[in-house]
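Following: one structure in structure tokens, then a few remarks.
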Amino acid sequence: MKIFNTPSNSSTFTGFILLGFPCRREGKILLFVLFSVVYLLTLMGNGSIICAVHWDQRLHTPMYILLANFSFLEIWYVTSTVPNVLANFLSDTKIISFSGCFLQFYFFFSLGATECFFLAVMAFDRYLAICQPLHYPTIMTRHLCTNLVVSCWVLGFIWFLIPIIIISQMSFCGSRIIDHFLCDPGPLLTLTCKKAPVIELVFNILTPLPVFLLFLFIVGSYALVLRAVLRVPSAAGRRKSFSTCGSHLAVVSLFYGSVIVTYGSPTSKHEAGKQKTVTLFYSVVTPFLNPMIYSLRNKDMKKALKKFWGS
């Protein structure tokens, strides 16, 4: 239980108030329906990819195993925020408990870090397939693929474990209002009774570190891929080689573009409306678009999905 001290009195509260998307009742109903449809379609799209990879023997390769795990991740990533947003639309108090707030904070950012690791591993897989095609089967074995998948999940969930334990033990004073639709570390740290520059420095380092380091790794991988593709003599061969990377590049651009705007802009933390919009894009919109991106640009995936839905 944390104590909130206001100028007029001292009161004990059991949670924070997430403002979410304040609007009139008609607007809340419209947004509730819109978010519900997007959420259900996201679950269906990513779930279909998982089932198609599981049931189609031709897709039991490292590239599609990584894609299935990525789709599984996207389901939980969007689930860490959207159900609470939907409940917020129907609530008059908009209160989220302390435990609920910190659990959402931990899972949202851990899943986000895990997504960064998966995107990097998928880029590494494409680098091996295009730049080292002869050695690809011996390097990217089922054993290595399994180790990489496990490493992505473990590293992603370890990354924010210590910071979330530290901030959850702090006391919060004054207003308990968070002008966001999720428990973001920025608004949370502004509500603490005592300023903690060391903890803020830890968050400012740990939050963008996996994003930018892994982004540089992905850029480097695709720079080598591009060089290898340009050396292919025929135009048809270049298109075929690069087509396997197009979907992944589109997903990387959508995710990292919005994340960099959120955490790379010095003014983003002071503009609640802008931060909510950009966070909404990479936490809800991109998991919704990813199944369409991967299925539209991949013939094998389209065939597997048709077979899955046809059965």
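Positive end of the dipole of the chain (Cβ unit charges, origin at the Cα centre): among CYS183, VAL82, GLY246, the Cα lying farthest that way belongs to GLY246. Charge dipole of the chain (Cα centre as origin; +1 on each Lys and Arg Cβ, -1 on each Asp and Glu Cβ, all else neutral): 820 debye, rounded to the nearest 20.
Spin-label pair THR141-SER97: with each label point 7 Å from Cα along the Cα-Cβ axis, the two points sit 4.7 nm from one another.
What 222 nm value per residue comes from the helices of the chain, counting each DSSP H run with n ≥ 4 as -39,500 (n - 2.57) and dividing by all residues, nearest 500 deg cm²/dmol?
About -23500 deg cm²/dmol.
Of the listed values (i) 14; (ii) 24; (iii) 46, identify the label whose number matches percent of Cα pairs over 36 Å apart calculated from this model. The listed entry that was calculated here is (ii). Can you give me the % of accessible surface on the chain that is carbon or sulfur? Probe 1.4 Å, all protein chains present, nothing else counted. Here carbon and sulfur together make up 69 percent of the probe-accessible area. Remark: the VAL285-LYS303 segment gains 4.0 nm on full extension, using 0.36 nm per residue and subtracting the alpha carbon distance. The mean accessible area for residues of region 22-297, using a 1.4 Å probe and ignoring ligands and nucleic acids, is 48 Å² per residue.
The values are calculated or read from the model by the stated rules, or taken from the named source; none is laboratory data. Since we're looking at a predicted model, the values are computed, not measured. For neighbour counting, all protein chains shown are included, and Cβ atoms are generated from backbone atoms with ideal geometry for every residue, glycine included. Ligands, DNA and RNA are stripped out before the accessible areas are found, and what is left, the full protein with its side chains, is counted by its heavy atoms. Shrake-Rupley method; radii C 1.70, N 1.55, O 1.52, S 1.80 Å.
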